[in-house]
1. Among 89, 52, which is the only one that is free of Cβ contacts under 8 Å to residues at least 60 places away in the same chain, within 15 Å of residue 102 (Cβ to Cβ) and under 13 Å from the mean Cα position of the chain (by Cα)?
2. Provide a single number: the residues in segment 17-50 that are assigned to a helix (DSSP H, G or I), exposed (fewer than 12 other Cβ atoms within 10 Å of the Cβ) and at pLDDT 90 or above.
């Protein structure tokens with residue numbers, strides 16, 4: 001019997017046992033913390049500490065340069081995904097480089 005067939009058979013057996021009340025489902029509770037809020041000055045500081053221009057920072061975050069300018073001037077505030085990425089960059093200014101989002105050339 002192939003290992004794939006064994007795995008499928010085991011899964012079906014477990015599903016039947018669960019349906020019949022002979023088995024309980026495993027349950028995990030996950031709490032996700034909300035992304036941080038950033039002031040205009042903090043956004044600029046994070047970008048500069050990461051060694052990124054507004055254009056490069058915008059590309060890493062998937063937004064336009066005008067959007068980054070608006071954040072840094074305090075006209076607009078970033079949304080969740082951008083805030084999450086900024087939080088990662090705040091914790092590790094080399095995060096984008098380490099994970100291949102940017103390649104620093106000398």
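The values are calculated or read from the model by the stated rules, or taken from the named source; none is laboratory data. All values reported here derive from a predicted model rather than from experimental measurement. Neighbour counts are summed over all protein chains in view; Cβ atoms, including those assigned to glycine, are modelled from backbone coordinates with ideal geometry.
1. Working: 52 fails: under 13 Å from the mean Cα position of the chain (by Cα).
Step by step, each of 89, 52 is checked, and only 89 is free of Cβ contacts under 8 Å to residues at least 60 places away in the same chain, within 15 Å of residue 102 (Cβ to Cβ) and under 13 Å from the mean Cα position of the chain (by Cα).
2. Here is the first cut: in segment 17-50, the residues assigned to a helix (DSSP H, G or I) are 17-19, 40-49.
Then drop every residue that is not exposed (fewer than 12 other Cβ atoms within 10 Å of the Cβ), which leaves 19, 41.
So of that shortlist, the ones also at pLDDT 90 or above come out as 41.
Looking only at that region, the number is 1.
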